[in-house]
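The values are calculated or read from the model by the stated rules, or taken from the named source; none is laboratory data. This is a predicted model, so every value here is computed, not measured. Heads up, the Cβs are rebuilt from the backbone with ideal geometry, glycines too, and the neighbour counts pull from every protein chain shown. Surface areas here come from the heavy atoms of the whole protein model, side chains and all, with no ligands, DNA or RNA. Shrake-Rupley method; radii C 1.70, N 1.55, O 1.52, S 1.80 Å.
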Amino acid sequence: MTKVLVVVTNNHRFGDQKRATGLWLSESVHFHAVMAAHQIDVDYMSPRGGYVPLDPGSLADMDDTTWQFYDDEKFRNQYLAKTLAPADVNPADYAAIYFAGGHGVLWDFPNNPDLAKVADAIHQNGGITAAVCHGVVGLLGLHATDGTELIAGKHVAGFSNEEEAINQLTDAVPFLTEDALIKAGGQYTSAQAYTEHVVVDGKLVTGQNPQSAKGVADAVVKLLQA
């Protein structure tokens, strides 16, 4: 049976600031919902395993899909309270890996050797690598089969500098996602702020913002069925 690994943050705050963050819930569950609709199993992994904090902003205006998952006690207990740690994961079990966002990831996703070990193995096994919004920083430090930076020269999307400015968080984050993708050699593109924008380059799928999570999932399914 095809399985996909969803990667989420353990980080609950903006560095040393008294400002809460975590997973942007819709970015995991909109992806998860598409997988479930296609009978594709998912597991959740985080850098340290265990509990996943939720960004309070992601709970402020939830749509029906997000409420469906948030109301599901099994989902909360199985996927949000007990994520796998990288050491618990056998990459050979997964046909794709997906990095969900939320500002929390800016502190524990980039250049994380434990995440990279799992993600690189899935890629080397011919799997799909996907990410959305701030989650694309999980691609930083990943490698292509020839050992080069995975996103170097690849067409990618991710949370834009414009969107961060709209959030009024430009000075609150350790770096800007768009800038980091470009610095790593990604061929970055964006659409109008907070509109869906999904980019597929081979087996790399990236989305710009929360509005792109379902589109990323649809693109992953299409690749899995190819």
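Note the count of lysine pairs whose C-alpha atoms are less than 14 angstrom apart in the chain, limited to pairs 8 or more residues apart or on different chains. Walk me through the numbers before you get to the answer.
Details: LYS74/LYS82; LYS154/LYS183; LYS154/LYS203; LYS203/LYS222; LYS214/LYS222.
Counting lysine pairs in the chain gives 5.
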Original post:
If you project the alpha carbons of segment 156-226 onto the principal axes, what extent comes out on each, in Å, largest first?
Top reply: 42, 24, 18
Original post:
What per residue convex hull volume, in Å³, do the alpha-carbon atoms of segment 172-213 yield?
Top reply: 90
Original post:
So what's the back-of-envelope 222 nm ellipticity for the chain, counting only DSSP H runs of four-plus at -39500 (n - 2.57) apiece and dividing by all residues, rounded to 500?
Top reply: -8000 deg cm²/dmol
Original post:
About its Cα centre, what dipole magnitude does segment 89-226 give when the only charges are +1 on Lys and Arg Cβ and -1 on Asp and Glu Cβ, stated in debye to the nearest 20?
Top reply: 360
**OP:** Would you grab the residues whose amide H sits under 5 Å from the one on TYR188? Only those 5+ places off in sequence or on another chain, please, with H modelled 1.01 Å from N.
**Re:** VAL156
Original post:
Going by average Cβ neighbours within 10 Å, how do the peptides 156-165, 138-147 rank, with the highest at the top?
Top reply: 156-165, 138-147
Original post:
Dividing the alpha-carbon Rg of segment 118-160 by 2.2 N^0.38 Å yields what?
Top reply: 1.11
Original post:
Any idea what % of Cα-Cα pairs in segment 46-91 are farther than 16 Å?
Top reply: 48
Subject >> Pairwise label distance in nanometres, ALA191 with ARG76, each label 7 Å out on the Cα-Cβ vector >> reply: 3.3
Original post:
In terms of the Cα gyration tensor, with a ≥ b ≥ c the square roots of its eigenvalues, is segment 2-66 rounded because a/c is under 1.5, prolate because a/b exceeds b/c, or oblate?
Top reply: oblate
Subject >> Cα-based convex hull, the chain, per residue volume (Å³, whole number) >> reply: 111
Subject >> Exposure rank, largest accessible area first [LYS214, LYS18, LYS117; 1.4 Å] >> reply: LYS18, LYS117, LYS214
**OP:** Hey, can you find the accessible area per residue of segment 114-172 for me, probe 1.4 Å, expressed in square angstrom?
**Re:** 37
